[in-house]
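Handing you this structure, nothing more for now.
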Amino acid sequence: MLYLSKSMKSLFSLFFLFVIVGVYAQQITITGKVIDRETKEPLPYASVGINGKPIGLISNEQGEFDFHIPADLRNDILAVNMLGYQIYEAPVWSLLSTERVVIEMQAASVLLKEVIVTDSLRGGEILKLALSKIEENYPAQPFQMDGFYRDVKKMGGTYISLLEAAVKIYDDDYRAPRNKFKLRERVALLEVRRSLGYSSKFTTFFDKDNLLEDLLLNNNVRYRQFPDEEEFFNSLDLEPDSYYNGREVFVISNSQDYSLRVYVDKKTYGIVHLEYTNDHQEKLERKSGLESRFVKIKRIIDFKFFEEKLFLNYLSVISQVNWYDDDTGELKFETELFRQLLINHIYPKAKNRISFGQKMRSYGLQYQDLPYNKKFWDNYNVIKESPLDTKIIQDLERELPLEKQFKE
């Protein structure tokens, strides 16, 4: 047995304290809120990152964020981007003395000085050109991304389950796939936490497949999921230009049978943002004397520039399905599935692909959860919970606080 003198013990304790402080000092956190400079309204889903670095996150629905970054980046520049706004930039060190930084964004309409669309190309022609340049504007070699995934299930107006996961995603490149509906990315599951509601009998009324894999397949740009017919391209309109990432962008839209808005960088013709909504009803399946009908889907896809290529930044899909009595046609209850994927770290030159042994299982994430690791989640970049999430939390905590549910 090793014996230490009293002075040696004190010295050892002091050294141990310095080590602990040093470990925690390696990371700093910027807490902030993004708002419109004129209206003071919060700006949801603004991109927050460090200039020239592959890390970042987005603000929540109230414009709030907690950004965990390495301490050695204190002399770098924090950058905030929002579609239709001028870039906000400030040294990281200048923001650390404030408990919560309020970031005021200037609307781009002021900067663009009433830009008038005078381009000879029509909306459909611009989108065709953008699609033809995907392999030029997006990764052309293997890359990896770290991501934060969240899904929330709502039934009859009540939130019944929450699942969150930290994942690593590998892809070879952005070449067009042979099959537009077969996943090409490989995903490794790092951490998972879920509420007890995921074991509820009501979750059987939702898709039981791997919801993260299905979400990745909603990347219309990656999988070239656009109609080929000339009728589609002829239906697209060209709206006044907008502003993103310090650059002017085309705005292409369609509002006939569905709502589509595509934002295309004017310099590279890269698609930087896409929003799609469709409320065309469609019958899906029958179960337990009930018939389900698709009611609405809303999809948002956002990309960001890094090392002159566009990488996925944020992807969300909200889908609504109603269940009706099979005999009478009476509405019995409504369901809503909300899924988000935030990319918080990009590795543009991946040397090692995710092996089959590391690869996430193809069945539901709720069946492959890991022990809850609170320390990991306390320091991981996620989409911050907001006051608007209070209803979700109240519904989910009917039995136990979420922290206890995660542990169980």
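Compute the length gained on full extension between Gln27 and Asp378: take 0.36 nm times their separation in residues and subtract their Cα-Cα distance, giving the result in nm to one decimal.
Between Gln27 and Asp378, full extension yields 125.2 nm more.
How many nm separate the modelled label positions at Thr158 and Glu41, each set 7 Å beyond the Cα in the direction of the Cβ?
3.4 nm
Do the sum for the chain: with -39,500 (n - 2.57) for every DSSP H run of n ≥ 4, divided by all residues, what is the mean residue ellipticity at 222 nm, to the nearest 500 deg cm²/dmol?
That comes out to -4000 deg cm²/dmol.
About the Cα centre, and with charges only on the beta carbon of Lys, Arg (+1) and Asp, Glu (-1), how big is the dipole of the stretch 17-110? Nearest 20 debye, please.
160 debye
Hey, with R₀ at 51 Å, roughly what FRET efficiency would Phe202 and Leu129 work out to, going by the Cβ-Cβ distance, to 0.05?
Efficiency for this residue pair is about 0.65.
Which order do peptides 181-189, 296-304 fall in by mean Cβ count within 10 Å, highest first?
Answer by packing, highest mean first, reads 296-304, 181-189.
How large is ³J(HN,Hα), in whole Hz, for each residue of the stretch 73-85 in order, when computed from phi with the Karplus curve 6.51 cos²θ - 1.76 cosθ + 1.60 and θ = phi - 60°, using x for Gly and Pro?
9, 4, 9, 7, 9, 7, 10, 10, 10, 8, 4, x, 10
Ok, one more. When the chain is fully extended, how far beyond the present Cα-Cα distance does Leu331 get from Ile393, taking 0.36 nm per residue of separation?
Here the segment from Leu331 to Ile393 would lengthen by 19.7 nm.
While we're here: Which whole-number percent is the relative contact order of the stretch 17-110 (Cα, under 8 Å, 6+ apart)?
Result for the stretch 17-110 is 32 percent.
Let me ask something else about it. Modelled label-to-label distance, Lys351 and Ala90, 7 Å Cα→beta-carbon offset: nm?
3.8 nm
Given a Förster radius of 56 Å and the C-beta distance between Glu136 and Lys407 as r, what FRET efficiency does 1/(1 + (r/R0)^6) yield to the nearest 0.05?
E(calc), rounded to 0.05, equals 0.70.
With Rg and the Kirkwood Rh both taken from Cα atoms, where does Rg over Rh land for the stretch 201-351?
We get a ratio of 1.04 for the stretch 201-351.
Could you work out how much longer the chain between Asp279 and Ser97 gets when fully extended? Use 0.36 nm per residue separation minus the Cα distance between them, nm to one decimal.
60.8 nm
Note the per residue figure in Å³ for the convex hull of the C-alpha positions in the stretch 17-110.
Dividing the Cα hull volume of the stretch 17-110 by its residues yields 101 Å³.
Quick one: Cα centre-to-centre distance for the stretch 184-259 and the stretch 296-362, in angstrom?
Comparing the Cα centres of the stretch 184-259 and the stretch 296-362, I get a distance of 7 Å.
Would you work out which of Leu365, Leu312, Ile346 lies farthest towards the positive end of the dipole of the stretch 293-380, given +1 charges on the beta-carbon of Lys and Arg and -1 on that of Asp and Glu, about the Cα centre?
Checking the options against the dipole of the stretch 293-380, the answer is Ile346.
Continuing with the same structure: Points 7 angstrom from Cα along the Cβ direction at Gln358 and Asn75: gap in nanometres?
Label-label distance for Gln358 and Asn75, simple model: 3.3 nm.
Related question: For the chain, what is the charge dipole size about the Cα centre, in debye to the nearest 20, if Lys and Arg each add +1 at the Cβ and Asp and Glu each add -1 at the Cβ?
Using only the charged Cβ atoms, the result is roughly 1760 debye.
For the stretch 307-408, which trypsin sites (Lys or Arg not before Pro) pass both filters: DSSP loop (anything but H, G, I, E, B) and at most 16 other C-beta atoms within 10 Å?
Here the sparse-neighbourhood loop sites are Lys349, Lys351, Arg353, Arg361, Arg398.
Excluding Tyr258 itself, what net charge comes from residues whose Cβ is under 14 Å from its Cβ, given Lys and Arg +1 and Asp and Glu -1?
My count for the surroundings of Tyr258 gives -2.
Between (i) 62, 55, 35; (ii) 85, 58, 45; (iii) 68, 46, 39, which matches Cα extents along the principal axes in Å calculated for the structure shown?
(ii)
Another question, then. Go through Ile300, Met145, Leu211 and say which Cα lies farthest out towards the positive end of the charge dipole of the stretch 123-407; charges sit on Cβ, +1 for Lys and Arg, -1 for Asp and Glu.
Met145
Under a Cβ-Cβ cut-off of 12 Å, what is the net charge of the residues other than Lys359 that fall near it, where Lys and Arg count +1 and Asp and Glu count -1?
It works out to a net charge of +2.
Sorted from largest down, what three extents in whole angstroms do the Cα atoms of the stretch 263-304 have along their principal axes?
55, 17, 10
Choose one of Met105, Ala79, Asn60: the residue whose Cα lies farthest towards the positive end of the charge dipole of the stretch 17-110 (beta-carbon charges +1 Lys, Arg; -1 Asp, Glu; about the Cα centre).
It is Ala79.
Computed from the coordinates by the stated procedures, all read-outs in this text should not be read as laboratory data. Remember, predicted model here, so these are calculated numbers, not experimental data. Here the Cβ is made from the backbone with ideal geometry for all residues, glycine too, and neighbour counts use every protein chain on show.
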